[in-house]
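Before any comments, here is the structure.
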Amino acid sequence: MTTITVYTSSSGIRGFLASGHAGGKKIRGYDLVCCAVSALTQTGVNALEAVAKATPVVEVRDGYLKCILPDEMTAEQSEKAQIVLQTVMTGLTDIQKIYPNLIRIQQEEWRQADAYDESSALRS
């Protein structure tokens, strides 16, 4: 199962963590649900940079993508980043509706410590 953790605060979405493998139907050796989740989350990271002009803190490895917004953003960057992140979450929620046994979305209150996972190389 793929688990998506959405980090939220009073200012909106601060970031997300996608982890695990969906274990769904494979076509030509590829898990379609995993591919869809990967496409959405990676596009979200790219759009934060291209559209919002913000450089998120990102860690990627097999079955794991963590994306956290930078602490310092202008009001315009923050507004555009929220649109990007809400769009990504809409897509992930749509996938969850179709494949509820393969993807789980949970929400957690943002803590600054979430950006600094001691077991990883994630740093701002």
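The values are calculated or read from the model by the stated rules, or taken from the named source; none is laboratory data. The structure displayed is predicted, hence computed values, not measured ones. Cβ sites come from the backbone with ideal geometry, for glycine too, and all protein chains shown count toward neighbours.
For the criterion of being farther than 17 Å from residue 7 by Cβ and modelled with pLDDT of 90 or more, residue 47 passes. Inclusion of residue 17 among residues that are in a strand (DSSP E or B), closer than 20 Å to residue 106 by Cβ and out of contact with any Lys or Arg (no Cβ under 6 Å at 6 or more places or on another chain) is not warranted.
Could you check, for region 31-40, whether at least one of its residues is over 13 Å from residue 18 (Cβ atoms) and either in contact with a helix residue (DSSP H, G or I) (Cβ under 6 Å, 6 or more places away or on another chain) or modelled with pLDDT of 95 or more (or both)? No: region 31-40 contains no residue that is over 13 Å from residue 18 (Cβ atoms) and either in contact with a helix residue (DSSP H, G or I) (Cβ under 6 Å, 6 or more places away or on another chain) or modelled with pLDDT of 95 or more (or both).
Residues of region 43-69 that are touching a strand residue (DSSP E or B) at 6+ places or on another chain (Cβ under 7 Å) and under 13 Å from residue 16 (Cβ atoms): 44, 45, 56, 57, 58, 59, 64, 65, 66, 67, 68, 69. Summed over region 80-112, residues that are part of a helix (DSSP H, G or I) and either under 15 Å from the mean Cα position of the chain (by Cα) or touching a residue at least 24 places away in the same chain (Cβ under 8 Å) (or both) total 17.
Consider region 1-14 and keep the residues that are part of a loop (DSSP other than H, G, I, E, B) and in contact (Cβ under 8 Å) with a residue 24 or more places away in the chain. The one that is nearest to residue 59 (Cα to Cα) is 1.
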